[in-house]
Amino acid sequence: MIEPGLYNYWLCVILMMTGLYVVMAKGNLVKKVIGLNLFQVSVIMLYVTMGKVEGGTAPIVVEGAPDTIYSNPLPHVLMLTAIVVGVATTALALSFVVRIHEDYGTIEEGDIAAMEEGR
Amino acid sequence: MIRHVILRIVAKTLIPCILLFAFYVQFHGDFGPGGGFQAGVIFAAGIILFALMFGLPAARRVCSPRALEILISLGVLLYGGVGLASIFKGGNFLDYSVLAHDAVHGQHIGIFLVELGVGLTVTAVMIKLFFLFAGRKHIL
Amino acid sequence: MAIIRLHDLFAAVMLLGIFSLLSAALFTLMDAVDVAFTEAAVGAGISTILLLGTLALTESEEKPEHNRRAPLALLVVLLTGAVLIYGTLDMPHYGDPAAPIHHYLADRFIESSPQELQIPNMVTSVLASYRGYDTWGETTVIFTAAIGVALGLGARRRSRRQLQEEERENKGGRA
């Protein structure tokens, strides 16, 4: 039952669930953004671990060594862009948080809901 | 933070190195790790360090918000323009092989221009984001 | 894990930055040098700065509240995690060269990219040439996100109260 080759996936699942828990259970909006970031890193880690080949090296061509094993470059490319897009969307989310704080004076979800009901 | 001698001197020495390293990453991306995305972020980090040290107004004088907005669009337009240029040259959208006389050379030109476009956009966007957040309530 | 418990958001953001740096080191171990580079620059640098900027604009303490949703969330998380781990039992092992992901497209990229493009870094060649459409889309996403933030934060600050006062003034002017 214990499969040593699968620890990497389990690590990713644990990280992912940590992020999911933070997003669901915490009422603080900045905390939620942090949770989303955690989740994102776990997905990136999942892809990168899948791209690794045993005995392989980084996917940069080594001159004069035609039988070098390279790790898979495709997940790297996808994750590279995902990180940068992730920070752009994080910035968008944070800008919403700032706007909400300016309008409501709080970044707690519960307080905002109470203020909306009270109106 | 401009009154801290150590911080000021270290930042003054580091900022040119960071900017130079960004250019190295941008143009050496074909051979080693690096490329437009990383170079853009590193360049922006250099400017942000400058803004932290010498204040936001000084950084605004170095790269004005207007110029940043132009650069953001210019990068995307450069990328799209390379795609359109390859259509006009008789290939598919973003098919760089037709850009020069032989396919390999065309690919090199295409990748260089596209990475430049990505680098411009990422740099300008990251600096712009920092300015927007930092300039909101005059933190600096 | 400490990120969940901490009520001090400043410390949580710092921990996230450290976590990003550590994961960048992990990526280097797994041969993803480009990804590690980006993660170190973006995750540990820019996003930490943006989060700190937000904290400076808002508040840096989380309100300690008794959360009724926490047990339910924990249950959902544990269930989902169990299902996901059950799903990984059939996955190819770490570093297995026979895994399906390393065949089809990846083989073609690794074999033909050095001849077709003559660029040593395969990540760059796949990024900019073979998957040029993807990268074009990503650039547009960043562009759009910047426009969104500029629209949200770039405008002059007007709180709801000011808006209401202005509305009242407008109505008063008309009457």
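Numerical summary
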| item | result |
| --- | --- |
| Nearest-10 value in Å² for the accessible area of B:LEU7, using the 1.4 Å probe | 80 |
| Most to least packed among A:37-44, B:27-34 [average Cβ atoms within 10 Å] | A:37-44, B:27-34 |
| Shielding by partners - mean other protein chain Cβ count within 10 Å, residues of A:104-113 | 3 |
| The range B:33-118, relative contact order [Cα under 8 Å, separation at least 6], % | 28 |
| Averaged over A:22-29, number of beta-carbon atoms from partner chains that fall within 10 Å | 6 |
| Peptides B:76-82, A:105-111 ordered by average Cβ neighbours within 10 Å, highest first | B:76-82, A:105-111 |
| q = 0.09, 0.21 Å⁻¹: log10 I(q)/I(0) that the Debye formula gives for the range B:5-134, counting C-alpha atoms only | -0.32, -1.13 |
| Crossing angle, helix A:73-104 versus chain A [Cα axis fit, 0-90 degrees, rounded to tens] | 10 |
| Partner chain coverage, peptide C:80-86 - average Cβ within 10 angstrom | 4 |
| Amide H partners (placed H, <5 Å) of A:ILE107, local residues excluded | none |
| Built amide H within the under 5 Å cut-off of A:TYR70, gap 5+ | A:THR57 |
| Highest to lowest packing among B:104-114, C:12-22, scored as the average C-beta count within 10 Å | B:104-114, C:12-22 |
| Table column - 3J(HN,Hα) (Hz), the range B:31-40, Karplus curve with 6.51, -1.76, 1.60, x for Gly and Pro | 10, x, x, x, x, x, 4, 5, 4, x |
| Summed residue charge, Cβ within 14 Å of B:LEU52's Cβ, Lys/Arg positive, Asp/Glu negative | +4 |
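The values are calculated or read from the model by the stated rules, or taken from the named source; none is laboratory data. Values in this document were obtained by computation on a predicted structure and should not be read as measured data. Virtual Cβ from ideal backbone geometry, glycine too; neighbours counted across all protein chains shown. The area values use the complete protein model at the heavy-atom level, side chains included, leaving out ligands, DNA and RNA. Shrake-Rupley method; radii C 1.70, N 1.55, O 1.52, S 1.80 Å.
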